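Derivation of every value follows stated rules applied to the coordinates shown; laboratory data play no part. In this text, all values refer to a predicted model and were calculated from it rather than measured experimentally. Glycine also receives a Cβ, built like all others from the backbone with ideal geometry; neighbour counts cover every protein chain displayed.
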Amino acid sequence: MLKLIKQMRRSDVLMAAVCSVLVLGQIYFDLELPDYMSDLTVLIETPGSTMGDILHTGLEMLGCTLASAALCIICGYLTAKVAAGFALSVREKVFNKISDFSRREMMSFSVPSLINRTTNDITQVQMVIAMGLQLLVKSPIMAVWAVIKIIDRSWELSVITAGFIVALLAVMVVVIALVVPRFKRVQKLIDRINLVARENLTGINVVHAYNAEDYQNEKFERENSELMRTQLFNQRAFAFLTPAVTLGMNALSLVIYWVGAALVNAVPAEDMAGRLESFSNIVVFGTYATYVIMSIMMLVIIIMLLPAAQVSAQRINEVLGAAASIFEGGTTDSPETGTVEFRNVSFHYPDGSDVLENISFRAGRGETVAFIGATGSGKTTLVGLIARFYDATDGEVLVDGVDVRDYTFDALYDRVGYVTQKAVLFSGDIRENVLFGESRGERTDEAVNRALSLAKADEFVDKLPEGLGAPVAEGGTNFSGGQKQRLSIARTLARRPEILVFDDSFSALDYRTDAALRAGLARELGDTTKIIVAQRIGTIRNADKIIVLDEGRAVGIGTHDELMRTCPVYQEIARSQLSAEELGA
């Protein structure tokens, strides 16, 4: 947790230091009160004392109380500001770190877990800072200061107080040892609940269609019940601490006054001054002993929050400390324009499974290169290497004659426009989605309309009352699959890249729209290189080069006619999709 606290901004650290000084002042004024109480007791019991003396002592006590209250208010304000600033800073760093994750890092953390770490875990640490910045400083210093003040007043009472303190600390240690391991389990269970809830909400239509509400409810109930049982154990253990400390504090006061009464009676009756001094010492001792137990109670409050915050801090540090698998290069210029080349490229995932093996091809400027193959043959992984979602295990992937690993991210993504297999839209409006991110393209309505027209999305956008300002729901759920796909294509076209990568991005389009879109691309973007992953031969049969993948290997490279003569895998795909007349032609 200390490692995470180092993420504080300098201004927050300064405020925390000021707050610590204010807490010391607050402790000073609080611990002065018992001395004034002792003086007041002596004045009341001493013959000849005047009301003025008593009022003066009372006013000094009131001044200490008001000063302590003022410092407490200021310190509370500062700690709240420090905690909020800390949460702001860490949440921003975690979000930025996740934004830089490659697919490999995303696979090591689940999406529900990352959401939980960005929200709940940071809030847990924020709560501890908001409360602990005062209590963690105040409670040990107050306890030690109070012990110093009373240790020379009565060794008998000091031994009794020490015994109670040791017993309470032993109880706290036992509870912490039982609870901390279960707090780690709580966070993992919360991740599981987020996962089940997210799956249910994302696939709610499938749940309804398959009448699986009871199944989903039972699955959620299992995770929820497990979390409840774990939380109940933790809360019951913590619930034992507060009454235990309260009982200890009251029992200590009772024993102090009982033993103190015996100590007062032990003073000879004729020694009234000695009895008065002994009685005054007992009153002060009882008050200071109460302060010691109160300090332990403050520690109990922090201990109830600290285990969960410690686990949360570890989870946040795991994200911040995650090693990047993809690093940015320094190259921005290139000797060529619009070319893509694979040189003996192989790729396998961290678990060792091979996906691509010895792939080599070259796409010149303005050419259309297509990939086709069975599901799981490695098509999406292959084009993902162009956009550096992964780095090749062996070989080189070159864009414009430069290895993609040597480019800066801005230089690479200015050259490559990538249309994902699953259309992804963001909440906002159509204009914001088409102009999403930074690019070399113009950020004007004219550029948006041009991209929509080329993507054949103007057919439905022009019919919307708000036009380009039409709202887009989260995930684009207010549009059909084909409409989302066309908006996703328009977003890429608006960037005006040198190389267009379509990862099975025409699958949701009807044949007429598919053909019209490809014809428009060929007509308007003749100098733009197009890399197309497709399942339908009709989408790619006119490509300059078709690469057939089978279990990660290129088993055929050529035009449609060439592959129909030489590639059995391509022939099999063609027979499953084309009519007899088309095959004969």
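Brief remarks on what is shown
- Taking S377, S89, S225 and counting other C-beta atoms within 10 Å, the order from fewest to most: S225, S89, S377
- Amide H to amide H distances under 5 Å link Y349 with V355, where only residues 5 or more positions off or on other chains count and H is placed in the peptide plane.
- Exposure proxy shown here: for T566, T368, T230, the number of other Cβ atoms within 10 Å sets the order, fewest to most, as T566, T230, T368.
- Note on K81: lysines with a C-alpha under 22 Å away, same-chain residues under 8 apart excluded, are K3, K6, K93, K138.
- Kirkwood radius and radius of gyration were both taken over the C-alpha atoms of the range 491-585, and their ratio Rg/Rh is 0.97.
- At least 15 Å along the helix axis (C-alpha) and Kyte average at least 0.5, DSSP helices within the chain: 10-45, 51-99, 122-150, 155-202, 272-320
- All alpha carbon pair distances within the chain were sorted into 10 Å bins beginning at 0; the resulting P(r) in whole percents reads 3, 12, 17, 17, 14, 10, 8, 7, 6, 3, 2, 0, 0.
- Ranked by the mean number of other Cβ atoms within 10 Å of their residues, highest first, the peptides 456-462, 436-442, 421-427 come out as 456-462, 421-427, 436-442.
- When D514, D214 are arranged by Cβ crowding within 10 Å, least crowded first, meaning fewest neighbours, the order is D214, D514.
- Computed extension length for A67-I204: 43.5 nm, one decimal, from 0.36 nm per residue of separation with the Cα-Cα distance subtracted.
- The range 456-530 versus the range 282-316: alpha-carbon centroid distance in Å: 60 Å
- Sum of -39500 (n - 2.57) over DSSP H runs of 4+, divided by residues of the chain (222 nm, nearest 500): -21500 deg cm²/dmol
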